1. Name the residue, out of D154, D207, that is acidic (D, E), at pLDDT below 95 and touching a Lys or Arg at 6+ places or on another chain (Cβ under 8 Å).
2. (1) in contact with a Leu (Cβ under 8 Å, 6 or more places away or on another chain); (2) open to solvent by less than 40 Å² (accessible area, probe 1.4 Å); (3) not in a loop (DSSP other than H, G, I, E, B): which one isn't true of G68, the others all being true?
3. Pull up region 92-111, narrow it to residues that are without any contact (Cβ under 8 Å) to a residue 40 or more places away in the chain and surrounded by 14 or more Cβ atoms within 10 Å (Cβ to Cβ), then point me to the one that is nearest to V127 (Cα to Cα).
4. Just to verify a result, which residue in region 141-153, among those that are open to solvent by less than 20 Å² (accessible area, probe 1.4 Å) and out of contact with any Gly (no Cβ under 8 Å at 6 or more places or on another chain), is farthest from V78 (Cα to Cα)?
5. For region 75-91, which positions are more than 16 Å from T114 (Cα to Cα), surrounded by fewer than 19 Cβ atoms within 10 Å (Cβ to Cβ) and touching a residue at least 24 places away in the same chain (Cβ under 8 Å)?
6. Does V138 count as modelled with pLDDT of 95 or more and open to solvent by less than 20 Å² (accessible area, probe 1.4 Å)?
7. Sort out which residues of region 124-152 are of a type in the set (D, E), without any contact (Cβ under 8 Å) to a residue 60 or more places away in the chain and closer than 12 Å to R165 by Cβ, and write them in order of number.
Amino acid sequence: RRTRNVAWFWQQIRTNSSLSPPPQTLRQEILNAAIRHVPKHGWTLESLSIGANELGFPGITHGLFSRGPVELVEHFLVTANNQMSQTLQERQDFQDLTLEKKVHEAVKTRVALTIPYVNSWHQALGVLGQPTNMPTAVEQLALLADEMWFRIGDSSTDFSWYVKRAILGSIYSTTELYLLTDRSPEFRDTWEFLDRRIVDAADFTRDFYRTKGVVEIGGGLLWRYFTQSTAR
């Protein structure tokens, strides 16, 4: 019966698209439905199956999500990154903040979106840590760091472009990991940890540029970024 249901579904998609949403649209609808079940069922095919069932499409999970649970994790990452970007864009006071405060607010805004899933996020990290899924993990972290710097106001095109994103990606990743073990009220310890990482990053970049002579090679913009407020 399950095989016939799957075959029937794809036949209807091919022969009469008016009967069902296009596959890509349906994928997004199922992912949106499935994400609501993650707190109870985790980052699993079970959550995807429940989401599909809710929309009246039982038995199609394997056909639509051949890569498995990583597609649910990836959906969350893309959605959360977009939400963070929109939140920062809509903050009228954001560009008036110092650089350090911009970094703090950008990272905090994004990390906070993981809080509803904090009890199962270790499972999501395990999914992303699988060898076949590592490219997805690296890509999403790179895109996140780039979007943060874009909202902060970075317009560099030299060597520092890469260094900034690597450092910010590290700040984000370590803060997210700290969140998973934080039991303080309103995750206060996590935000204090974030502030310490920002200070550490400023110290590191200062020493790096001074001792390695990258000021001449790369333009020396990263240290100035951590010590001056931008007005972009």
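1. Working: D207 fails: touching a Lys or Arg at 6+ places or on another chain (Cβ under 8 Å).
Exactly one residue qualifies, and that residue is D154.
2. (3)
3. Once the filter is applied, the top-ranked residue is T109.
4. Across region 141-153, the extreme among qualifying residues is G153.
5. Q89
6. No; evaluated as a whole, the condition is false for this residue.
7. The answer is D146, and nothing else.
The values are calculated or read from the model by the stated rules, or taken from the named source; none is laboratory data. Everything numeric in this text was worked out from a predicted model, so none of it was measured. FYI the Cβ positions are ideal-geometry reconstructions off the backbone, even for glycines, and counts take in every protein chain you see. Heads up: the accessible areas ignore ligands, DNA and RNA and are worked out on the full protein's heavy atoms, side chains in. Shrake-Rupley method; radii C 1.70, N 1.55, O 1.52, S 1.80 Å.
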